[in-house]
Every structure is written in structure tokens, then in C-alpha cells.
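First, the structure itself, so that you have it in front of you.
The values are calculated or read from the model by the stated rules, or taken from the named source; none is laboratory data. Given the structure is predicted, the values throughout are model-derived calculations rather than measurements. When we count neighbours, we look across all protein chains shown, and the Cβ atoms used for this are built from the backbone with ideal geometry, even at glycine. These area figures cover heavy atoms from the full protein model, side chains too; ligands, DNA and RNA do not enter into them. Shrake-Rupley method; radii C 1.70, N 1.55, O 1.52, S 1.80 Å.
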Amino acid sequence: MIEREYNMTKIDYSQTIPNNVNLSDDRRLQRALEAWQPAFLNWWDEMGPVESSDYEIFLRTAIDVSAKGWAHFDMVKMPEYRWGIFLGDKEENRKIGFGAHKGEDVWQEVPGEYRAELRRLIVTQGDTEPASVEQQRILGRTCPSLYDLRSLFQINVEEGRHLWAMVYLLHAYFGRDGREEAEEMLMRHSGDDDKPRILEAFNVPTTDWLSFFMFTYFQDRDGKFQLNSLAESGFDPLSRTCNFMLTEEAHHMFVGESGVGRVVQRSIELIKEHDTLDIRQFGGIDLATLQKWINFHFSICLDLFGQEKSTNAANFYNMGLKGRFQEMKIDDDHKLDNEVYRVPEIRDNKVMFSEVGALTSINERLRNDYRDDCQRGIDRWNKMLTKAGIDFQIKLPHSAFHRNIGTFADIYADINGNIISKSEWDKNVDNWMPTTADRAFVESLMVPVVEVGKTAGWISPPARGIQGMDTNFEYVKFH
Ligand code: BYC
């Protein structure tokens, strides 16, 4: 077994595959990854952002994984972006923080008895990354501004790199079946009938920019919570990989929050200007439509946390593979054998709560943490509406609404969590969820704006530019 030494934060860009893991010391691994690289580039060409290979984009590239100064900005063509392998810094004497192995040294190699579970977690995580690039591939055609186009492409290249991160772990630590899994990552495709992506929400196409901002607000936030839980892992290479991915994830959520905020801002302006909530006729997105998009995206993202009661999740925790959100900040024994947690269930046709073992309800706890985090943005947007004197509040739908995984998968519920019949659902669904006509309306607004410094009429311009640049900067050059 080759000893892997990862103490350097600097990234070596002289290599075919930029890395900070001393890849050149492990020839076999280097060759295997160099063989995967053309398959990845081929996938990017076929399934990545459409018609974009000649564009020059003001992109951020990692040069150093330390907390300060890891980012470098330059005009780059996406296919020339230097995807590579970057692990966060090693924490000396790190111990496993939870589960049956709490207090033991973290693992630098895969513990044999947990190999299957660890592989499954890494594959599920890895699968979401190229999925999101596939979902967003046609958005470049209808960008509301060059600034937004840059944000889209920045996110896309980083999701590509996150795939590299998981593929590295599979190649480096899982031998032949890891290499096979890495190939499969490029064979499954979002929305493919025969070989779909693993998690449902990653099979929904993202074809308009309102959906893109919802995606980056809600779905990337699932990424934040899942990556934080995996960053707690006793398998140290996974922990360090996720820690670095999280630094990039923060920007993706910023794009979502500021994007939806700019839609709200523009809607407020149009409502005030024309003294009506009915602003579609003036080319704005009305708040009722915005609410429907939230209902859809939030509910499909709740499914991403799995079942309320899950033995898989309990096992991942007990084994020390996947912790809770900010595990080390929680004040308990980090073993959870005798703890309880409240989970929803359906009794007498109502949503009620009962206490079950905290271990089996790990997924539900993470989902609740996620819900609280989502609420913060909703509060900020509502404050904007209140301040403008507009009598409308946005809200997150109840957790029972429009669910496909877990306790609520077999029932219908309204947005307040009242259980209703199928006929009531059918009667009201068009008030809650985007209809074909709603989607056609939003699509009709998606006219590309590519003039420097200009922004589409349905969204406010960004408050400031990127990396100290003006909002008038030419963030993307078409050639
Ligand atoms: N869709 O025991 P359960 C990101 C299956 S996002 C389809 O509750 P578990 C990103 C499940 O597989 C973060 N199937 O499951 C964001 C199981 O199947 P089996 C991605 C689902 O394992 C934006 C069965 O139902 N990372 O990074 O506790 C852009 C029983 O369920 C779904 C991760 O997800 C579903 N939604 O929980 C780019 C972290 N949910 O065993 C990137 C890794 C459940 O019966 N993944 N099933 O065949 C995990 O930790 C877990 O796999 C899950 C599922 C939390 C997702």
C-alpha cells in the first residue's frame, strides 16, 4: 500500500491533473485518473453547458486550499478550466467524533467492514454533481445578464470539480469497483429513462432561471447539509474533501439567495409602479408564481433527506461514516443510544408526532435543520415586502406537502399540512404548484440579455459585481 502524504495546501498546477495530494507519487492512481480524464471531458462536451466551449469567462479557480487566498480569478474557457483534486488541510490527531468508534483515531484508509456503506455514500454524493450540470445545461441560452451567465458557469465548473473529488476517493480507496463506479458516474444521466441519476430531485430539468435560483437556494442547500454531515466522517479523506467542497458551496447558495432576492426586488418595483399584484402584464414575476416555485423546489428537496426513520442513516452514524450537521457543536454523548427525537407520523388522518430513537431519526433531524436554514431567506424576502408596504408574505409549505419519500409519500396534504383526499388535491393543485401555463409564462420571460451591464426586466440588476469588478464588467466574452 502506498503511503499517501497530504500536508501541502498549495496546488500543483504543473501536472496534467492539478492536485495537492502528491498524485505523481502514486503512478498507478495517476494513470487511472488520467485515463478517466478524457471520459470526463467528453461527458462535459456532450452533457455540459450547451454552445459554450469558446466563451471566455471570468472564473474563480482554486490555487490554495487554505482558508485565505485560495481563489484566483481569470478569463478562462470552460473546457480549459483546470479540474483537479484538492483536499482540505489535515487536522493532526483528529479523532472520530461520534458513533461506536467515538474517540478512536480517524481512518486514513477505508475500514474493511464498512466498505460497502462508505462506497454507497460517496457514489450518491458524487452522482448529484454531474447531475446538476446536466440539469442546467441549456440555461446559458437565456441568461438575464452576463453577470448571471458567469455565475451559472462558475457553479457548473465547480460541480464538475466536486465530481472529480468523489471520483478521486473512489479510485484511490476502492480499487476496481471504485473505478467502475467512477465510470458509471458519466453513464447515468439526469432524467434518463433507462439510467437516471440516483436521487429524484436530480432528474428534474432546470430550464428557466427562476428555477435555477430556486435550485441554488434550495437544492445546493441540501448539499451544504449533506456535505457538512459527511465532513464529520471518521474516514478522513472524505472529511477533508467535503470541507473544501463546502467553501465553494457557499457561493452557490449566495447565487440562489441573491437571485431570488433580486426577483422579489423587481416584483416590488413593478407592484408599486402599477399599484397591482398582477404584474405579469408588465413583464414581472408575480408573487403567487414565486410562491408556487418555492412550493415545488422546497418539497422535492425535502425528499433528498431520505425517510424519517432510517436504519441506513442509523448505521452510517453508528459506524462513524456520516454525522449530524455540526456534530461537534451539539452537546450530547454523540452516541445517541438512549436519546429520542420527534418524528412525524399520520394518526387519525392527521400529522402527529411521536418520539423514536435519535439514531433512527438522523435523517429527520437533518431535514429539520435544513428547513430552519431555508426559513432564513424567506424571512429576509418577507422583510423586503413588509418594508415596501406590500400585503403578501411568502412561506415554506408544510413538510407533508407534495412528498414522494417517507411518511408522507402515500398521502395528499395541502400547504398547511392538512391531509386531504385525492380529489381535493386535484381540485387545488393548480393553486399550489406551477402549471403548464405558469411555466410557459416564465419561459416567455427568458429572453437572453448579453449586452454588457444590462439586465432582463423581470429581475433587478446585481447589487455589486464579482471580485471588486463593476457590474458593467464583461464577465463573459463570446467569440
Ligand atoms: N430519491 O433509508 P433511507 C449536493 C432511497 S446534494 C430516491 O431513508 P438513506 C448537490 C434510499 O436510497 C447532497 N431514492 O435512505 C446539490 C433507500 O434505498 P434502498 C447529496 C431515495 O440512505 C446541488 C431507500 O430510499 N448528498 O451535493 O438514509 C448541486 C430508503 O431510504 C431518496 C447526499 O445525499 C431520494 N431522494 O437516505 C450539486 C449524501 N431518498 O436502500 C450537488 C449521501 C432515499 O431501499 N447520501 N431514497 O435501495 C445519503 O446520505 C443518503 O443516501 C440519503 C438517503 C440521505 C440521500
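Mind jotting down the distance between the C-alpha centroids of region 292-320 and region 457-476, whole Å?
Between the Cα centre of region 457-476 and that of region 292-320, the gap is 35 Å.
Using alpha carbon centroids, what distance separates region 21-36 and region 216-271, in Å?
Measuring centre to centre over Cα atoms gives 30 Å.
Calculate what fraction, in whole %, of the accessible area of region 274-380 sits on carbon and sulfur atoms when a 1.4 Å probe is rolled over the protein chains.
Within region 274-380, the accessible surface is 45 percent carbon and sulfur.
Strictly over 24 Å apart at the Cα level, which of Lys350/Lys422; Lys90/Lys329; Lys272/Lys292; Lys77/Lys454; Lys224/Lys422 would you flag in this model?
Numbers: Lys350/Lys422 15 Å; Lys90/Lys329 20 Å; Lys272/Lys292 22 Å; Lys77/Lys454 22 Å; Lys224/Lys422 34 Å.
Cα-Cα > 24 Å for Lys224/Lys422; rest within.
Taking Cα centroids, how far is region 365-436 from region 172-202 in Å?
31
To the nearest 20 debye, what is the magnitude of the charge dipole of the chain about its Cα centre, counting +1 on the Cβ of each Lys and Arg and -1 on the Cβ of each Asp and Glu?
On the way: 56 positive and 77 negative charges, 121 e Å.
Dipole size: approximately 580 debye.
Over all distinct Cα pairs, what is the inverse of the mean 1/r for region 414-479, reported as the Kirkwood hydrodynamic radius in Å?
15.8
In µm²/s, what is D for region 174-291 at 20 °C and 1.002 mPa s, where D = kT/(6 pi eta Rh) by Stokes-Einstein and Rh is the Kirkwood radius from Cα pairs? The partial results should precede the final answer.
On the way: Rh = 17.2 Å.
Estimated via Stokes-Einstein, D reaches 125 µm²/s.
Taking only protein heavy atoms and a 1.4 Å probe, what accessible area per residue, in Å², does region 19-82 have with all protein chains in place?
Working: 3100 Å² over 64 residues.
Normalised by residue count, the accessible surface of region 19-82 is 48 Å².
Counting only protein heavy atoms and using a 1.4 Å probe, what share of the accessible area of region 163-257 belongs to carbon plus sulfur, as a whole percent?
Here it works out to 49 percent.
Hey, can you rank 461-468, 287-294 by average C-beta count inside 10 Å, highest first? It would help to have the intermediate numbers written out before the result.
Numbers: 461-468: 13.8, 287-294: 20.0.
Ranking, from highest mean packing down: 287-294, 461-468.
In whole Hz, with x marking every Gly and Pro, tabulate ³J(HN,Hα) for region 277-288 from phi via Karplus 6.51 cos²θ - 1.76 cosθ + 1.60, θ = phi - 60°.
For region 277-288, the Karplus curve yields 7, 8, 9, 4, 4, 9, x, x, 8, 5, 5, 5 Hz.
Residue by residue through region 445-454, what is 3J(HN,Hα) from phi via Karplus (6.51 cos²θ - 1.76 cosθ + 1.60, θ = phi - 60°)? Round to whole Hz and write x for glycine and proline.
Each residue's phi maps through the Karplus curve to give 7, 7, 9, x, 10, 10, 6, 4, x, 9 Hz.
Taking 2.2 N^0.38 Å as the expected size of a compact globular protein, what ratio does the Cα radius of gyration of the chain give against it, to two decimals? Mind dumping the intermediate values first?
Values: Rg = 22.8 Å, N = 479, 2.2 N^0.38 = 23.0 Å.
Here the Cα radius of gyration is 0.99 times the empirical estimate.
Oh, and also: Based solely on C-alpha atoms, express the radius of gyration and the Dmax of region 77-183 in angstrom.
17.5, 52
For region 126-195, rounded, prolate or oblate, judged on the Cα gyration tensor with a ≥ b ≥ c (square roots of eigenvalues), a/c < 1.5 rounded, else prolate if a/b > b/c? Don't jump to the answer; show the numbers that get you there.
Numbers: a/c = 5.26, a/b = 1.87, b/c = 2.82.
Oblate, because a/c is 1.5 or more while a/b does not exceed b/c.
Okay, next question. Once the convex hull of the C-alpha atoms of region 217-341 is built, how many Å³ does it hold per residue, rounded to a whole number?
Hull volume normalised by residue count: 134 Å³.
Considering only DSSP states other than H, G, I, E and B, which GluC sites (Glu not before Pro) in region 317-394 qualify as loop sites with at most 10 other Cβ atoms within 10 Å? Walk me through the numbers on the way to the answer.
On the way: sites: Glu327, Glu339, Glu345, Glu355, Glu364; in loops: Glu339.
Here no loop site has a sparse enough neighbourhood.
Could you compute the net charge surrounding Met319? Neighbours are other residues with a C-beta less than 10 Å from the C-beta of Met319; K and R count +1, D and E count -1.
For residues surrounding Met319, the net value is -1.
Order Arg342, Arg60 by their accessible area, 1.4 angstrom probe, all chains in place, largest first. Walk me through the numbers on the way to the answer.
Details: Arg342 130, Arg60 30 Å².
Putting Arg342, Arg60 in descending order of accessible area: Arg342, Arg60.
Using θ = phi - 60° and the Karplus curve 6.51 cos²θ - 1.76 cosθ + 1.60, what whole-Hz ³J(HN,Hα) does each residue of region 269-274 get, with Gly and Pro shown as x?
4, 5, 4, 6, 4, 10
Solvent-accessible area of Asp426, probe 1.4 Å, all protein chains present, reported in Å² to the nearest ten, please.
80
In nm, what is the difference between 0.36 nm times the number of residues separating Arg464 and Val340 and their Cα-Cα distance?
Values: separation 124, 0.36 × 124 = 44.64 nm, distance 4.63 nm.
Length gained between Arg464 and Val340: 40.0 nm.
Looking at region 375-479, which chymotrypsin sites (Phe, Trp or Tyr not before Pro) are in a loop (DSSP not H, G, I, E or B) and have at most 14 other Cβ atoms within 10 Å?
Hits after loop and neighbour filter: Phe478.
Tell me the net charge near Arg179. Cut-off is 13 Å between Cβ atoms, Arg179 excluded, with +1 for each Lys or Arg and -1 for each Asp or Glu. Walk me through the numbers before you get to the answer.
Numbers: positive: Arg28, Arg31, Arg119, Arg176; negative: Glu34, Asp177, Glu180, Glu181, Glu183, Glu184.
With Lys, Arg at +1 and Asp, Glu at -1, the net is -2.
Now for a separate question. How do Arg188, Arg119 stack up against each other in accessible area, from largest to smallest, with a 1.4 angstrom probe?
Arg119, Arg188
Then there is this: Rounded to the nearest 0.05, what FRET efficiency do Ile420 and Tyr13 give with R0 = 41 Å and r taken as the Cβ-Cβ distance? Could you check?
E(calc), rounded to 0.05, equals 0.10.
When ligands, DNA and RNA are left out and all protein chains stay put, how many square angstrom of accessible area per residue does region 129-282 have with a 1.4 Å probe?
Counting only protein heavy atoms, the per-residue value for region 129-282 is 27 Å².
Can you sort His274, His479, His189 by 1.4 Å-probe accessible area, starting with the largest?
His479, His274, His189
Per 5 Å bin from zero, what fraction in whole % of the C-alpha pairs of region 331-444 is there, up to the bin with the longest pair?
Taking all Cα pairs of region 331-444, the binned fractions are 2, 9, 14, 16, 17, 16, 12, 7, 4, 2, 0, 0 percent.
Can I ask one more? When the accessible area of region 382-479 is split by element with a 1.4 Å probe, what percent falls to carbon and sulfur? All intermediate terms of the calculation are to be shown ahead of the outcome.
Values: 2730 of 5500 Å².
That fraction is 50 percent.
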